[in-house]
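The values are calculated or read from the model by the stated rules, or taken from the named source; none is laboratory data. Values in this document were obtained by computation on a predicted structure and should not be read as measured data. Neighbour counts are summed over all protein chains in view; Cβ atoms, including those assigned to glycine, are modelled from backbone coordinates with ideal geometry.
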Amino acid sequence: MVDLEGRVVLITGASRGIGAAAARVFAGAGALVGVMARDAAAVDQLAAGIEGIAIAGDVARAADMDRAVAVLVERWGRLDVLVNNAGLIGPIADLAAADADEWGQAIDVNLKGVFHGMRAALPVMRVQGGGTILTVGSGAAHAPKEGWSAYCSSKAGAWMLTQALDHEARADGIRALSLSPGTVATDMQDTIRKSGINPVSRLDWSAHVPPEWPARALLWMAGPDADEFLGAEVSLRDEAIRRRIGLIG
């Protein structure tokens with residue numbers, strides 16, 4: 001396990017699913033964890049269980065991300081790891097029938113939210129001599145899926161942001177990596193299942209990995225063993241990666 005004793009971590013979209021699992025995994029590795037989501041009650045409860053800091057906020061608003069980073073710096077003096085996890089799947093619809101406001105909201109959260117996080121964290125990390133910015137991506141960034149035009153487009157943009165960040169900031173000690181977790185047994189996957197659109201919705205529930213798997217992958221990515229993936233993507237579909245992280249024997 002990666003030892004993050006005393007390191008400061010901010011996780012967005014932490015009210016449930018991968019974000020909540022990651023908060024527990026990082027706290028278990030000794031990190032001081034800030035958890036951020038729009039659901040204030042959920043992050044309050046999570047933070048209490050891990051002795052972390054709860055921050056109610058929306059990654060789609062740059063000011064909220066700036067405030068989240070400032071809260072952790074004021075409390076703990078630094079920011080070592082940012083996990084850009086917040087994400088939306090909707091609208092799941094044919095492109096021509098998709099609600100324009102919902103489509104825009106997906107871009108605001110999945111793409112602009114990642115930018116807001118990177119932009120807020122970078123000045124702090126540069127001053128302290130480095131840091132790690134992890135973004136939860138998707139295989140949908142690389143191939144279109146029926147009914148997922150917003151999700152695929154926003155995840156493709158987020159993947160490019162990871163590459164752009166690595167290109168601009170690796171020399172400053174910034175480690176930028178993306179995680180493609182595959183299909184995960186979360187509320188998002190339940191929404192996909194209920195839509196009945198495209199083959200992903202018809203996968204048996206047993207095909208989805210538990211949220212603890214991507215959470216443990218993110219912790220591994222925060223450590224030096226993942227340095228060969230700087231500016232690149234770690235895929236949990238890869239059995240060699242699963243073994244390397246210790247998810248399977």
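Below, the figures for the structure above:
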quantity	calculated
Which listed residue, of ALA42, ALA68, ALA86, ALA98, is modelled with pLDDT of 95 or more, in contact with a Pro (Cβ under 6 Å, 6 or more places away or on another chain) and buried (at least 16 other Cβ atoms within 10 Å of the Cβ)	ALA98
Residue identified as under 18 Å from ASP108 (Cα atoms), of a type in the set (Gly, Ala, Ser) and in contact (Cβ under 8 Å) with a residue 40 or more places away in the chain among GLY13, GLY17	GLY13
Residue within segment 182-197 that is closer than 22 Å to ASP80 by Cβ and not in a loop (DSSP other than H, G, I, E, B) present	no
Matching option when the condition is over 17 Å from the mean Cα position of the chain (by Cα) and either of a type outside the set (A, V, I, L, M, F, W, C) or under 20 Å from PRO214 (Cβ atoms) (or both), among ASP166, ASP172	ASP172
Residue within segment 203-211 that is crowded, with 16+ Cβ neighbours inside 10 Å and either within 22 Å of LEU111 (Cα to Cα) or among the charged types (D, E, K, R) (or both) present	yes
Residue that is at pLDDT 90 or above and out of contact with any Cys (no Cβ under 6 Å at 6 or more places or on another chain), where the choices are PRO224, PRO199	PRO224
Qualifying residue in segment 49-63 (condition: within 22 Å of SER153 (Cβ to Cβ), touching a Phe, Trp or Tyr at 6+ places or on another chain (Cβ under 9 Å) and aliphatic (A, V, I, L, M))	yes
